[in-house]
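The structure appears below as structure tokens.
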Amino acid sequence: MNPYLPYQIKSFKHDGHLHRMWMQNWRVPDALLAPEHRAESMIALINSQTPIRERDGKEWTSKIPSVTFFIPGEWYNVVSLLEDQGIRYYCNIASPPYVNEGVITYIDYDLDVIRTPNGTIQIVDQEEYELHKHNYHYSDVVERKVKRGLESLLARLKREGPPFCNDQVLAYYELWRNEGPGV
């Protein structure tokens, strides 16, 4: 019996329109999560060659396998991209995840933080955030939560707290490849 359950990930913008969907992801069973991930009730999803649907309906297939982490209550999520040169962490500043019957949804607030395989950290898409803050009329509450989410994420990156552990990310991916539905 396959312990990995299929999930979709749906990203929305603040005004409610669909931003992007990752059609096929596999949830790491709680029993297989590392203790530090289980302690924070993290949700870990693996995908490889997954179809992705954009807002305009265009579809494409991801070329880079990934392990994505959602942490309940946190205003960000973390996508660990398993690239040839090492793991690149692409972090979305976003609302906490909402999970319902095999679908995880969140609101993407544009700001992204990238940690490259060599450890360089950069904040990107600040112009997009400012534009959408104006166009979508982010409330003061949302702005404060986005700012706190960014601060919390940067602090976690600095201390290299979970889920920023390359060995664990690779272990999840290899276990899934060997025992899960495979690629």
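Every number here is computed from the coordinates shown, using simple stated rules; none is lab data. Please read these numbers as outputs of a predicted model, since none were measured by experiment. A quick note on method: Cβ atoms are made from the backbone with ideal geometry, for glycine too, and the neighbour counts reach across all protein chains shown.
Miscellaneous remarks
- Per-peptide packing, taken as the mean over residues of other Cβ atoms within 10 Å, places 172-179, 46-53 in the sequence 46-53, 172-179 from highest down.
- Note, ³J(HN,Hα) from phi for segment 8-18, Karplus 6.51, -1.76, 1.60, rounded to Hz, x at Gly and Pro: 10, 10, 10, 9, 10, 9, 4, 7, x, 7, 5
- Lys pairs, the chain - Cα-Cα below 29 angstrom, 8 or more residues apart or on other chains: 19
- Dividing the mean sequence gap of close Cα pairs (under 8 Å, 6+ apart) by how many residues segment 51-183 holds gives a relative contact order of 18 percent.
- Whether segment 35-164 is rounded, prolate or oblate, judged on the alpha carbon gyration tensor where a/c under 1.5 counts as rounded: rounded
- Estimated distance in nm for a label pair at residue 17 and residue 98, the labels positioned 7 Å out from Cα along Cα-to-Cβ: 1.9
- Tilt relative to the chain, helix 140-159 - C-alpha long axis, 0 to 90 degrees, to 10: 40
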